[in-house]
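Okay, so here's the structure we're looking at.
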Amino acid sequence: MTDEDAGARRADRADGADRDDEGWPDAAGDTALSVPVPEAAALVRTGSEPHLTLLYPFLPLPRITPADGAALAELFAATRPFTLAFPALRRWPGVLYLAPQPDEPLRALTKALRERWPGVVPYRGVFGHEGLDPHLTLAAGPGTDELPAPRFAAALPLRTRVDTVRLVVTDGPGTGWRPARSFRLGGARPRGLCQPGPPPVGRAR
């Protein structure tokens with residue numbers, strides 16, 4: 001896959017495109033594990049709540065058992081909260097994003113999740129077995145490459161304290177994603193599955 005091809009696929013995915021030939025669309029009940037980054041809300045142009053994806057897709061919601069929920073709670077409880085910085089804008093073709101620094105804590109969480117659930121492949125394998133580097137998508141799709149960087153860079157650097165991971169679920173293509181469960185890093189009791197949930201928070205993962 002060339003850089004241009006990978007960039008186009010990233011743009012299609014971030015824009016919520018339905019791509020049957022690439023493993024899309026999302027089905028009702030698909031889930032993901034992500035870190036909310038509310039500090040970036042004013043910069044995001046995707047219609048999605050700003051977030052960093054740890055693992056997309058995770059298990060379909062109907063397949064998540066109490067044992068899975070307990071394992072997730074234990075895994076996240078074993079990680080202390082940490083701070084991330086977003087010092088500069090970065091681009092893939094068709095995608096404007098922020099790269100977190102340091103990204104090792106996020107990579108470690110993704111690695112632990114994949115070791116516990118080895119059958120779950122990031123991004124359905126579209127970007128290879130390892131998926132994508134940690135990133136926070138600001139804009140994607142047509143016209144993104146023409147967006148002026150100073151419009152976004154003036155708000156940087158951003159910092160966020162990571163103490164929560166969310167399990168989010170979609171009800172199908174075009175319906176967005178909504179929180180299903182929250183896990184606190186460092187040992188706090190998780191908040192349980194909720195269905196139906198609050199309104200969708202966005203399309204992109």
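Bear in mind that the values in this text are calculations on the coordinates, not laboratory data. Just so it is clear, the structure is predicted and the values come from calculations on it, not from any experiment. Cβ atoms come from the backbone with ideal geometry, glycine included; neighbour counts cover every protein chain shown.
Between Asp68 and Arg91, the simple label model (points 7 Å from Cα in the Cβ direction) yields a spacing of 3.9 nm. Of the peptides 45-52, 115-122, the ranking by mean beta-carbon count within 10 Å, highest at the top, reads 45-52, 115-122.
Dividing the C-alpha radius of gyration of region 63-164 by 2.2 N^0.38 Å, with N its residue count, gives 1.28. The modelled label-to-label distance for the pair Trp117/Ala77, using points 7 Å beyond Cα in the direction of Cβ, is 1.9 nm. Using 0.36 nm per residue and subtracting the Cα-Cα separation, the extra length available between Glu130 and Leu156 on full extension is 6.5 nm.
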